[in-house]
Structure formats: C-alpha cells, structure tokens
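Visitor: Got a structure here, written out as structure tokens. Questions coming.
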Amino acid sequence: MTVPETDSLRAPAGTVRPAAWRAQAPVVAVVAAGGALGATARYALALWWPLQPGGFPWATFWTNVVGCAVIGVFMVIITDVWAAHRLVRPFFGTGVLGGFTTFSTYAVDIQQLVDDGHPRVGLAYLGATLVAALTAVWLASAATRRVLKWRQS
C-alpha cells in the first residue's frame, strides 16, 4: 500500500516518510532559530529587570504584554498586507514571539507568589496579565488595521 503525499507524516507501518520529514525540516529549523532569538531576548530582559521576592513580576508581565501587541501587528500585516514567505510566520510568530512571550513563567510566578504567602499579588498578577495581554493584542491589531486603512485613503 502506498501513502499519498497529502497524508500524515506517518506511513501505515508507523515509520516517518523521508519526503514528508524533508518538507517539514525547514519549518522546524526556523521555529528553533526564532525561538532561540526570542528566548534570548526574554532572558536578557529578566536579567535587566530581576524579580524581587514577593514583588510583582514586572519583567514577565511586560514581556507578555509587548509580545501580544507585536503578535497583533504581525498577524494583521502578514494576513492583510504582505504575502509573506511560508517560513516567515513560523519563524517570527511561533519562533521569535513564542520564545519571547512566556506564559509558563507567568504560571510559575503565580504559584511562587501564592506559595510564598503573597496570594493577593499572585491574583492581581493573574488577572492583570490576562486583561493586559488580551487588550494589547486587540488594540495593536485594531490600530494596525486603522493605520493601514488611513494610509490607503
């Protein structure tokens, strides 16, 4: 039995088809490269703005809010304006911005705040990050669309 090229990456016997893997290798490579860049930028920000015990995790908060705003701008540009190369979205959106934003650290920060006896700070951080990140992506995408519409007039 042969497997058409449009099927999944696994052949019926459970082996990975070499042609399918070669097609996905560039995507995996650009996500990894972008993730390394984004994570390095996030780490540098965390070193520059360290977390104080029991304090509000401002570096992680602003990392996530700024990353969400950039995602809003980026998605409008690559969907409404620019016919980007197929690797741009995985590199920048998934890789760079996925590595830069850090909702796993957000969750760990909340847990540490609660465990260290600062549940109010943890709860404030939980709510503020959620509201600010969603607002940032919405405002950034709306503003980008508005600017693009204004420039076309």
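The values are calculated or read from the model by the stated rules, or taken from the named source; none is laboratory data. All of these numbers come straight from a predicted model, not from anything done at the bench. We place every Cβ from the backbone using ideal geometry, glycine too, and count neighbours over all the protein chains shown.
Visitor: Which residue out of 103, 91 is within 12 Å of the chain's Cα centre (by Cα), at negative phi and modelled with pLDDT under 90?
Guide: Of 103, 91, the one residue that is within 12 Å of the chain's Cα centre (by Cα), at negative phi and modelled with pLDDT under 90 is 103.
Visitor: Please identify the pairs in which a residue from region 71-89 that is more than 20 Å from residue 31 (Cβ to Cβ) has its Cβ atom under 8 Å from the Cβ atom of a residue that is in a helix (DSSP H, G or I) and charged (D, E, K, R), counting only partners at least 6 apart or on another chain.
Guide: These pairs meet every condition: 76/145; 80/145.
Visitor: Having 1 or more residues that are acidic (Asp, Glu), in contact with a Pro (Cβ under 6 Å, 6 or more places away or on another chain) and surrounded by 17 or more Cβ atoms within 10 Å (Cβ to Cβ) is the bar; report the helices (runs of 4 or more DSSP H) wholly within region 36-153 that clear it.
Guide: Of the helices (runs of 4 or more DSSP H) lying wholly inside region 36-153, those with at least 1 residues that are acidic (Asp, Glu), in contact with a Pro (Cβ under 6 Å, 6 or more places away or on another chain) and surrounded by 17 or more Cβ atoms within 10 Å (Cβ to Cβ) span 103-115.
Visitor: Another question about this same structure. How many residues does region 63-79 contain that are at pLDDT 95 or above and over 12 Å from the mean Cα position of the chain (by Cα)?
Guide: The number of residues fulfilling the criteria is 1.
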